[in-house]
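The values are calculated or read from the model by the stated rules, or taken from the named source; none is laboratory data. This structure is a prediction, so every number in the text was calculated from the model and none was measured. When we count neighbours, we look across all protein chains shown, and the Cβ atoms used for this are built from the backbone with ideal geometry, even at glycine. To get the accessible areas, we keep the full protein, side chains included, count just its heavy atoms, and leave off ligands, DNA and RNA. Shrake-Rupley method; radii C 1.70, N 1.55, O 1.52, S 1.80 Å.
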Amino acid sequence: MAGKGNTVVRTLEDLTLDSGYGGAADSVRSSSVSLCCSDTHPSFAHGGNCWHLTESMHSRHNSLDTVNTVLAEDTEILECAGHCAKLPELEDAPWSLGEVEGALRKDEELMVGDPPPEFLARLSALISRALVRVAREAQRLSLRYAKCTKHEIQSAVKIVLSWTISVNCITAALSALSLYNMSTGDKFSRGKSARCGLVFSVGKFFRWMVDSRVALRIHEHAAIYLAACMESLVREVFSRVLRSALVERENGIPKFTLESMEQAINSDSEIWGLLQPYQHLICGKNSSGESSPL
């Protein structure tokens, strides 16, 4: 009898995820990703955790990534003082290393040489921090109507990312959504990712957003937007590392090492603060404290 009940629950869950809207209230799976700020927050009856936003959604103090406090000049000092908490680390990102490599191969200019697996793994871990920042901001923006659409994802991207990077990511998201809407004729023969022209799986992102309790209801367009933005961000960060003068080259082919990637990111004021492991979003400065040029 218990097995039959589990089958029914699973079927209902599949129906919820396959439809345009799904959500935390309907999901019965326990999330493998803990995105709470603290382990002291209670778990919900349906088995998952979510972020706890205690203040008014109209207050900028309620934005967990863009807290209206004095910008840290030295994050190490703040961390020692207990004023700068760490971002939660994702156990499982909604993409694989093969998909990361495939996203890079979409741009022929980026595939100069062959990045080793450890390089791709580190790049994936850094991008997952940006994913957490965007998802948390989207969750805050979704509170009023208890649903997450493409508009919440777009606004979150604009808030968290720098102007240049956010424009590129939103352009990629608009392109993916346009391809998806124009491919109604073959919607039964191809998956959503293929219809969007994406390497990252839209289905994985949808399930991740549901399991992570981004909102009670999540529209499929929100998953498309988030997948396209993260795929674009992977190429953006990799291209900046590739163009950096700090990356050593041999016969014109760059040497992909973790040290060269860290040095290139540390010198870039648009991505260094975004990829730091701290909850506070450090904007417009590199690791040396230098501001981004106007």
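What the table shows:
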{"item": "Spin-label proximity, T164 to region 236-258 - amide N less than 16 Å from point 7 Å beyond Cα toward beta carbon", "result": "236-246"}
{"item": "Distance cut-off 19 Å, percentage of C-alpha pairs in region 99-275 lying past it", "result": "57 percent"}
{"item": "Region 99-275, accessible surface, carbon-and-sulfur percent (1.4 angstrom probe)", "result": "53 percent"}
{"item": "Relative packing of 168-175, 207-214, which averages over residues the other C-beta atoms within 10 Å, highest first", "result": "207-214, 168-175"}
{"item": "Peptides 216-228, 127-139, 95-107 ordered by average Cβ neighbours within 10 Å, highest first", "result": "216-228, 127-139, 95-107"}
{"item": "Of K150/K204; K158/K192; K147/K204; K106/K192; K86/K147, those spanning more than 20 Å from alpha-carbon to alpha-carbon", "result": "K158/K192; K86/K147"}
{"item": "Surface per residue (accessible, 1.4 Å probe) for region 99-275, Å²", "result": "40 Å²"}
